[in-house]
């Protein structure tokens, strides 16, 4: 039996099997959570002309002492249509077009109005263009805005629309099927015999992958039977990714590997040197012109979620065209000491309060209660030395799949 492979090697081998899905053009408002399939440039300038950044009065640049006679108004959407001469001022609101002859905007609180005359009672702007947003200040037509692989959030949607885009190129949404298997699993949590446990992994993993824009289906629980497992794989023939939970270890009832081989899949690698999550399996199967990817996760619930976090979510991001599919780590100080680590790299459930982090006492791979109570995975290298309170540790945020 080959030894388990390091985490980064396993992630690299897995992502090397992934190609982004075909590109489609989608209405900008429907692209939330997806990734740009091509660089985005501006189709217009913002602002399209010089505008006021404040409420006040527009005057010519050489006429900052006053007094001035009010000769009109420029409001957002309703520009001043006259000519601004020295000694004249135009009432102007934030975002309104600047009269062509104007070179300065004096804030309304720095002026006193006496009938149609304005008198400077405060400070004139210095420099004169201080309160002016110049044409193209935000972006200029034809200029680059977002790179390929950028995640699309609310700000990116706003930017795309402001830049003149109605549609954006994105990759097709992945189709994923989650299969949980095991004779011990009960489909109904309120009708569970003593020799059974509720089938929670399938629902948990389906909820996790739905944090991304995916088309997710769930199938199971499937009994420990090769024919039943092969039938479950056949039912997922349209899936880009199949995720299984359970049956990936070496016991007499761990049938995932022979079922995959009977189905026609090829095992790429098996077992990763992490805790929890060692018996992870990755396989591929050619299906027409497509290649299906199978990720076999351990059956213990914590192992299943940790490996889904480290492997399944990155695969889905890569299929969606993410430039950076792997979760990003952060560092924090420990609020309590940590004992020395073991022979495998370990991901400990912990709680981070925004400043310090500490591990939870219950770290068994079957303990869902501590998983639900945690918001970080603290990354401990193999053979890590004991750490004191106040030392820095690396960790991954569980919220949003580790992508802030």
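Strands (runs of 3 or more DSSP E) fully within the range 1-103 that include at least 3 residues being touching a helix residue (DSSP H, G or I) at 6+ places or on another chain (Cβ under 7 Å) and closer than 30 Å to residue 280 by Cα: none found. Does any residue of the range 196-217 turn out to be on the phi > 0 side of the Ramachandran plot and in contact (Cβ under 8 Å) with a residue 40 or more places away in the chain? Taking every residue of the range 196-217 in turn, none turns out to be on the phi > 0 side of the Ramachandran plot and in contact (Cβ under 8 Å) with a residue 40 or more places away in the chain.
Residue by residue, here is whether (1) modelled with pLDDT of 95 or more; (2) not assigned by TED's automatic domain parsing to the domain that holds residue 311 holds:
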{"site": "112", "(1), (2)": "no, yes"}
{"site": "147", "(1), (2)": "yes, yes"}
{"site": "152", "(1), (2)": "yes, yes"}
{"site": "156", "(1), (2)": "yes, yes"}
{"site": "159", "(1), (2)": "yes, yes"}
{"site": "186", "(1), (2)": "no, no"}
{"site": "189", "(1), (2)": "no, no"}
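Within the range 10-59, the set of residues being loosely packed, with under 13 Cβ neighbours inside 10 Å and farther than 19 Å from residue 212 by Cα comprises 12, 16, 48. When residue 182 is tested against the conditions (1) crowded, with 18+ Cβ neighbours inside 10 Å; (2) within 32 Å of the chain's Cα centre (by Cα), the lone failure is (2). The single condition among (1) part of a loop (DSSP other than H, G, I, E, B); (2) at pLDDT 90 or above; (3) surrounded by 14 or more Cβ atoms within 10 Å (Cβ to Cβ) that residue 128 does not satisfy is (2).
The values are calculated or read from the model by the stated rules, or taken from the named source; none is laboratory data. Keep in mind that this is a model prediction, so the values were computed, not measured. Here the Cβ is made from the backbone with ideal geometry for all residues, glycine too, and neighbour counts use every protein chain on show.
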